[in-house]
1. What is the sum of charges, Lys and Arg at +1 and Asp and Glu at -1, for the other residues whose Cβ falls under 14 Å from the Cβ of A:D11?
2. For segment B:49-99, which chymotrypsin sites (Phe, Trp or Tyr not before Pro) are in a loop by DSSP, counting at most 14 other Cβ atoms within 10 Å?
3. Would you rank A:D192, A:D176 by solvent-accessible area, highest first, keeping every protein chain in place and using a 1.4 Å probe?
4. Over segment A:105-170, what relative contact order in percent results from Cα pairs under 8 Å that are six or more residues apart?
5. For chain B, with only Lys/Arg (+1) and Asp/Glu (-1) charged at the beta-carbon, what is the dipole magnitude about the Cα centre, in debye rounded to 20?
6. Ordering B:Y275, A:Y148 by accessible area with a probe of 1.4 Å, largest first, what comes out?
7. How many angstrom separate the Cα center of segment B:155-173 from the Cα center of segment B:92-148?
8. Partner chain Cβ atoms within 10 Å, averaged over the residues of B:193-202 - can you pull that number for me?
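The values are calculated or read from the model by the stated rules, or taken from the named source; none is laboratory data. Remember, predicted model here, so these are calculated numbers, not experimental data. Every residue, glycine as well, gets a Cβ built from its backbone with ideal geometry; the counts of neighbours run over all protein chains shown. Only protein heavy atoms, including side chains, enter the accessible area calculation; ligands, DNA and RNA are left aside. Shrake-Rupley method; radii C 1.70, N 1.55, O 1.52, S 1.80 Å.
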Amino acid sequence: MSKNILVKAIDVTKNYGHFCALDKVSLEVTRGEVCCIIGPSGSGKSTLLRCINLLERMDGGGIWVNDELVGYRREGDNLYQISDVEISRQRRRIGMVFQRFNLFPHMTALENVIEGPVHVLGEQVKDAEERGRTLLERVGLAEKANHYPSELSGGQQQRVAIARAMGMRPNLILFDEPTSALDPELVSEVLDVMKDLAASGMTMIVVTHELGFARNVANTVAFMEAGKMVEFGLASEVLSAPKSARTAEFIKAVHS
Amino acid sequence: MTTATTALPIAVDQQYEIAHLKLVPKRHVGRMIAATVVLALLAALVRAFSVGQIEWSYVSQFLFSPAILAGLYNTLVMTVAAMTLGIVLGVVIAIMRISGNPVLSSIAIGYVWVFRGAPALLQLMLWFNLALIFPTMGIPGLFEFRTVDIMTPFVAAVLGLGISQGAYTSEVVRSGLLSVDSGQYEAARTIGMTQMKMLRRIVLPQAMRVMVPPIGNEVIGMVKLTSLASVIQYSEILHNAQIIYFANTRVLELLLVASFWYLFVVSLLSVGQHYIERYFGRGSKSIRSAV
Ligand SMILES: Nc1ncnc2c1ncn2[C@@H]1O[C@H](COP(=O)(O)OP(=O)(O)O)[C@@H](O)[C@H]1O
Ligand SMILES: [Mg+2]
């Protein structure tokens, strides 16, 4: 595998009972690049993200992050499921930002950001706090450090969630429709933070309906439908000159 | 209509002019009658007690007597011990129940079924009389002791009360765990927390908000439930009051002394519960505005 590939998903398959949510989906993300996943609701975009950080176990195929097989250990001709502790270790370097923020409501913004560094990575509280404040400053929320999530707007909560993900010093951050739960006027403040993050060289996989963001920021775009990867390629090509008629239709529908 | 806004003018005819009318408050006749009746009954009750054959001097004499205070102390010790055991078991059983491991969750269901199914008094007596079926206990070859030596009234009462309490508390803990949004579990996992750390740092603190009121209720219930231990000769407050009135025949006076102390302890606990609720409600809007 090329040294610059950070995420490689090959033929990932996921079934819920008889329903096939992911059907041999493949994807590749280069280090430092942004990949946007678009597609209609129910097409398996969230499921793919959740397989990457092991919130779901795939039924077939494989995902490698940083050349490490996710969820399994290979020994000779056998694949062993790794232990829960090993899974936790693999997840540490993969941040995730959810549609509904999922901040810890009993902790302040700063406490949310330092929770992982202190209680998972074992950093000193003082160091973590200092870095946590820097991260909050970076997402424009330095003065909200001691506010509880319930005292923040949706856009502010999502920016704290991004700072929380960055607190773990991830190699990769997954975004699952990060702006879909926001009031329209709050969308841009979150997208701006994500843009900065991309510019700083963070590798990101972003499920989004914001095609403008995809056009401006993404290096590659994947279009999924009904559990299949319909089209995957350079952002400019997929968005401006899609090869598949379904992709073209979807892009047109989102724009109108 | 001289407003600076661009709102449409609203016509105000005479029939809509009510600012000059006099406001007559609503009369609560029913409420007044009810209050009068209740107050009269209360006065009759107070009078009955004051003219009844109660020697109030005995009440005040025994209120702070060493035997009563020692009983009070034992009641508190038993409450803390039994409730601690109950909460620990409750958390363990609740986590076993939702663990997804069929063996563990079956054991948890069986535990709740058995220990919620028999009266606490009966369970207490079972533990106390355990020596009848297991004269000795221990690990053969390693250590062994006579059951009567360790199954003191204290130990039997802690086990009987704590284990049956654990069955109830586990249901409280389980409802608390279920009240935490699945997104919280996922967020905790994505920052690499292990199962135990997630429960301890993220899930339980949030579940506490739901759990504290019913557990407070259970602690208060336990204060009074410890009186069952008098049956197996544990020297809690009711037991000691009984010993005194067996000697001096001042039954009602001593029962009043015990009642006073129960009421006192329960009142203190209610105040404490308020502060604990406020602590675990931090970050939550509804509690905040209520304080
Ligand atoms: N836990 C689950 N059990 C059963 N079906 C599920 C589950 N999670 C997702 N699905 C189904 O899988 C499909 C893909 O879901 P998802 O990945 O959330 O779609 P998207 O994020 O693209 O909207 C949907 O049809 C959904 O109903
Ligand atoms: Mg989704």
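1. +1
2. B:F64
3. In descending accessible area the options line up as A:D192, A:D176.
4. 48 percent
5. It comes to approximately 660 debye.
6. So, going from the largest accessible area down, we get B:Y275, A:Y148.
7. A separation of 11 Å, based on Cα centres.
8. 4
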